[in-house]
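J.: Sharing a structure here in structure tokens format.
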Amino acid sequence: MDYFPIFLDIKKRPVLIVGGGEIAARKVVLLLRAQAHITIVAPKLSDGLAALLVQGEIAYRAGDFKDDDLNGCALVVAATDDALVNRAVFDAAEKRNLPVNVVDCPELCRFIFPSIVDRSPVTVAVSTSGTSPVLARLLRAHLETMIPASYGRLATLLATFRDSAKARFPAMKQRRHFWERILQGPATEMVFSGREQDATQLIQNALDHGETDAEKRGEVALIGAGPGDPDLLTFRALRLMQQADVVLYDRLVSKEVLDLVRREADQIYVGKKRDYHAVRQQEINQTLADLAKEGKRVVRLKGGDPFIFGRGGEEIATLAEQGVPFQVVPGITAASGCASYAGIPLTHRDYAQSVRFVTGQLKDGTINLDWCSLAQPQQTIVIYMGLKGLPVICEQLIKHGADDALPVALIQQGTTVHQQVMTATLSTLSGVIKGQEVHAPTLLIIGEVVSLHEKLAWFNPVDSSSRHAFGRDPERL
Ligand code: SAH
């Protein structure tokens, strides 16, 4: 080991920074986070540092570095662009055995600044011993995506139980077992998803009564899997998918997304085809509740966003009624995903001041939309499940006053490498796609904004041999 990692308490301790430029400023910002008392010595200050001086965040002595500047210091940083000055600071600090860092000069460093993941009070510091700061930064970025934002809140909550846990389990080993159980149980996820009160209660109960049923109870995460491209998942979705014991998914969840689920998890397909329900909704609702009651971490994966034409509300209603804990993780809905990947802004100052998401299919298979309001100008209409009713939709819109030359886009398998965008107008679309193979799922976007597609399209994947991102047969009109 070239450097020994330690965490310094420099709260209110005097730190000297020699240099007043941008590089010095970056170090100042970091050290201020740890509440150091900073004095800068430099002939002049950058604007950013001058602002900090005015705000009273730092102290400043204008002039060149002098040996006396080190009096009483706990830590020294040299960040000037003059190698001789940097060297002088290093030598002077060495004489006094003071920890010193000359920025970007590993051979003149007694300590180095790590890349920091700050989830205070939890802090992760990464160093490559000065060999490659870029590598350290990349590793840090990696960790940032893996460590939930509320990790610090979890640590703070646990700290409030430290004394009572010590009193309850005086032996270190017992105490460690207790905390392991708590941290591997549902309490952590409760904190991460904003249910700190539930977590507090759970830990308190565990301290008062030993292992409780609440700890053994599983929970359900209703997760939006997005429109297909796995990169569009949220951090939280991915984290929960990788902790799942069992996953229930439907046919709008792409293979690539499913591939990211924890390998050991049971996968249950509960897909529904148009006009045909593979597993009835009521059964799905109850299965979710039953699995969670068995103590499993259940993930219910739904295409797009679970609260947009996803019946997510019905599924969690059953859970709420039966007292099963759950959380909902939003996903990117097909309208956002397909529009972005097709280069069609859903709103635009010149063309559309509002956007409407509607379904082209009702529960009983009919379409019963408010055609008059949909035919209004200056808005974009996004139609989910609109393929079957497409001829009727175009016809009715024209009948209710929409321009028959209004541009329309039909987006197939949006955001996946098989995405296809066809554009036409209200009067021509039915003819254009007649007899063609259409690969579900498909989304309709209607409105002037569609004309921007030609100019703004940016997503042009090379279509590979298979056309099925979702593993189904093509549909024919
Ligand atoms: N909850 C989902 C919508 C479910 S309804 C969401 O928020 O996106 C199912 C409809 O969504 C499909 O019939 C289709 O119209 C649309 N859809 C979902 N994913 C799609 C995709 N990748 N490309 C095109 N349309 C999609």
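Every read-out reported here was derived from the displayed coordinates using simple, explicitly stated rules and does not represent laboratory data. Fair warning: this is a prediction, and the values are worked out from it, not measured in the lab. FYI the Cβ positions are ideal-geometry reconstructions off the backbone, even for glycines, and counts take in every protein chain you see.
J.: For T359, T188, what's the fewest-to-most ordering of other Cβ within 10 Å of each Cβ?
T.: By the 10 Å Cβ count, ascending: T359, T188.
J.: Quick one: grab Rg to one decimal and Dmax as a whole number for the range 214-309, Cα atoms only, in Å.
T.: Rg and Dmax of the range 214-309, Cα atoms, are 12.8, 41 Å.
J.: Hey, another quick one. Using θ = phi - 60° and the Karplus relation 6.51 cos²θ - 1.76 cosθ + 1.60, list the HN-Hα couplings for the range 397-403 in order, rounded to whole Hz, with x at every Gly or Pro.
T.: Residue by residue, the range 397-403 yields 5, 5, 4, 9, x, 6, 5 Hz.
J.: Another question, if that's okay. In whole angstrom, note down how far apart the Cα centers of the range 48-79 and the range 323-361 are.
T.: A separation of 51 Å, based on Cα centres.
J.: Roughly speaking, what is the stretch gain from E180 to D118, that is 0.36 nm per residue apart minus the C-alpha to C-alpha distance, in nm to one decimal?
T.: Taking E180 through D118 to full extension adds about 20.0 nm, to one decimal.
J.: Between the range 125-161 and the range 190-242, what is the C-alpha centre distance in whole Å?
T.: Distance between centres, Cα-based: 21 Å.
J.: I would also like to ask the following. So what are the radius of gyration and Dmax for the Cα set of the chain, in Å?
T.: Gyration radius and largest Cα-Cα distance of the chain: 29.7, 89 Å.
J.: Need one number: nm distance between label points at I147 and K173, each 7 Å from Cα along Cα→Cβ, rounded to one decimal.
T.: Result for the modelled spin labels: 3.1 nm.
J.: Give a residue-ordered list of calculated ³J(HN,Hα) values for the range 331-343 (Karplus: 6.51 cos²θ - 1.76 cosθ + 1.60, θ = phi - 60°; whole Hz; x for Gly, Pro).
T.: x, 7, 6, 3, 4, 5, x, 5, 4, 4, 6, 9, x
J.: Also, I was wondering about something else. Starting from 0.36 nm per residue, how many nanometres of slack lie between R280 and R262 once their C-alpha separation is accounted for?
T.: 3.9 nm
J.: Past the 26 Å Cα-Cα mark, which pairs from K12/K95; K388/K455; K11/K166?
T.: K388/K455; K11/K166
J.: Also, I was wondering about something else. Among DSSP beta bridges lying fully in the chain, give the percent that are antiparallel, nearest 5.
T.: If we restrict to bridges inside the chain, about 40 percent are antiparallel.
J.: Which of the listed residues, A342, G63, H453, is farthest toward the dipole's positive end in the chain, when Lys, Arg count +1 and Asp, Glu count -1 at the beta-carbon?
T.: Highest projection toward the positive end goes to G63.
J.: Taking Cα atoms of the range 335-476, Rg/Rh with Kirkwood Rh, to two decimals?
T.: 0.95
J.: Can I ask one more? Enumerate the amide H contacts of V329 below 5 Å, restricted to partners 5 or more residues apart or on another chain; note that Pro and chain-start residues carry no placed amide H.
T.: Long-range HN contacts for V329: L222, I223, G224.
J.: Can you list residues whose amide H is under 5 Å from T380's amide H, if they're 5+ apart or on another chain and H is modeled 1.01 Å from N?
T.: Sorted by chain and number, the residues that satisfy this are S354, V355, R356.
J.: Positive end of the charge dipole of the chain (Lys, Arg +1 and Asp, Glu -1 on Cβ, about the Cα centre): tell me which of V126, Q353, Y384 has its Cα farthest that way.
T.: The residue sitting most towards the positive pole is V126.
J.: Calculate one ³J(HN,Hα) per residue across the range 245-250 by plugging θ = phi - 60° into the Karplus curve 6.51 cos²θ - 1.76 cosθ + 1.60, and present them in order as whole Hz with x for glycine and proline.
T.: So the Karplus estimates, Gly and Pro as x, are 8, 8, 10, 10, 9, 10 Hz.
J.: Could you point to the residue in G226, L248, A320 farthest towards the positive end of the range 219-332's charge dipole, with +1 and -1 charges on the Cβ of Lys/Arg and Asp/Glu respectively?
T.: The residue sitting farthest along the positive end of the dipole is G226.
J.: A follow-up question, please. Quick one: length gained pulling F4 to V392 fully straight, 0.36 nm per residue minus the C-alpha distance?
T.: Gain on extension, F4 to V392, equals 132.5 nm.
J.: Give the calculated FRET efficiency between D82 and R110 to the nearest 0.05, with a Förster radius of 22 Å applied to their Cβ-Cβ distance.
T.: Approximately 0.65, to the nearest 0.05.
J.: A further question follows. Whose amide H sits under 5 Å from the amide H of A36, counting only residues 5 or more places off or on another chain, with H placed in the peptide plane?
T.: Under 5 Å from the amide H of A36: K12.
J.: Suppose only helical runs count, i.e. DSSP H with n ≥ 4. What mean residue ellipticity at 222 nm does that imply for the chain under -39500 (n - 2.57) per run, divided by all residues and rounded to the nearest 500 deg cm²/dmol?
T.: -10000 deg cm²/dmol
J.: Return the loop-located GluC sites (Glu not before Pro) in the range 240-345 (DSSP other than H, G, I, E, B) with at most 10 other Cβ atoms within 10 Å of their own Cβ; answer none if there are none.
T.: E264
J.: Can I ask one more? Pull up the DSSP beta bridges for the range 219-332 and report the antiparallel fraction as a percent, rounded to 5.
T.: Around 15 percent of the beta bridges assigned by DSSP in the range 219-332 are antiparallel ones.
J.: Can you tell me the dipole magnitude for the range 66-200 around its Cα centre, using point charges on the Cβ only (Lys, Arg +1; Asp, Glu -1), in Debye to the nearest 20?
T.: Taking the Cα centre of the range 66-200 as origin, the dipole is about 940 debye.
J.: If you take every residue apart from P148 with its C-beta less than 15 Å away from the C-beta of P148, what net charge results, scoring Lys and Arg +1 and Asp and Glu -1?
T.: The answer is +1.
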